[in-house]
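Written out below as structure tokens is the structure these notes cover.
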Amino acid sequence: MDVIICNDHQGCPVPVDKAFPDVNFGLLTRPPNSNIWVALVIANRNSFLKSGQPTGHYSSKLRELNTLGFYAAIVDWKIYIKLDGTIEKSKYLDHVIKEAICNKN
């Protein structure tokens with residue numbers, strides 16, 4: 001499962017519900033404009049090697065999304081579910097998003 005969010009160049013959220021035509025849903029698609037499009041890939045506990053690196057499938061997915069023009073990052077579900085409350089979860093997601101934007105390959 002992936003979550004796509006978008007910010008304009010001033011960092012303000014932009015609605016994404018109408019950005020992608022229905023016919024392209026599920027297909028590889030580039031971001032529709034030059035805004036900052038972040039793709040969060042939700043990964044379960046079996047998605048990581050013992051080293052902490054994502055398995056081949058998730059690693060490939062991140063590379064593909066970045067190549068298409070997204071800022072891709074993995075949300076580690078085992079970390080997310082252990083966080084207490086909305087504030088901690090929001091801080092974790094904010095950190096993941098900022099890392100994706102700063103560290104795009």
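Kindly check whether there is at least one residue in the stretch 94-104 that is of a type in the set (A, V, I, L, M, F, W, C) and in a loop (DSSP other than H, G, I, E, B).
Scanning the stretch 94-104 turns up no residue that is of a type in the set (A, V, I, L, M, F, W, C) and in a loop (DSSP other than H, G, I, E, B).
So which residues in the stretch 24-48 are modelled with pLDDT under 85, in a strand (DSSP E or B) and surrounded by fewer than 18 Cβ atoms within 10 Å (Cβ to Cβ)?
F48
Pairs, please: C-beta under 7 Å, at least 6 apart or cross-chain, first residue under 29 Å from R45 (Cβ atoms) and at pLDDT below 85 and in the stretch 1-17, second small (G, A, S) and in a strand (DSSP E or B)?
What qualifies is D2/A39.
Name the residues in the stretch 49-99 that are farther than 18 Å from I4 by Cβ, surrounded by fewer than 13 Cβ atoms within 10 Å (Cβ to Cβ) and of a type in the set (K, R), would you?
K50, K78, K82, K91
Taking the stretch 65-93 as the search range and keeping residues that are without any contact (Cβ under 8 Å) to a residue 24 or more places away in the chain and not in a helix (DSSP H, G or I), which one is nearest to the chain's Cα centre (by Cα)?
Among those that are without any contact (Cβ under 8 Å) to a residue 24 or more places away in the chain and not in a helix (DSSP H, G or I), it is I81.
The values are calculated or read from the model by the stated rules, or taken from the named source; none is laboratory data. This one's a predicted model, so the numbers in the text were calculated from it and none came from an experiment. Ideal geometry is used to build each Cβ from the backbone, glycine not excepted, and the neighbour counts take in all protein chains shown.
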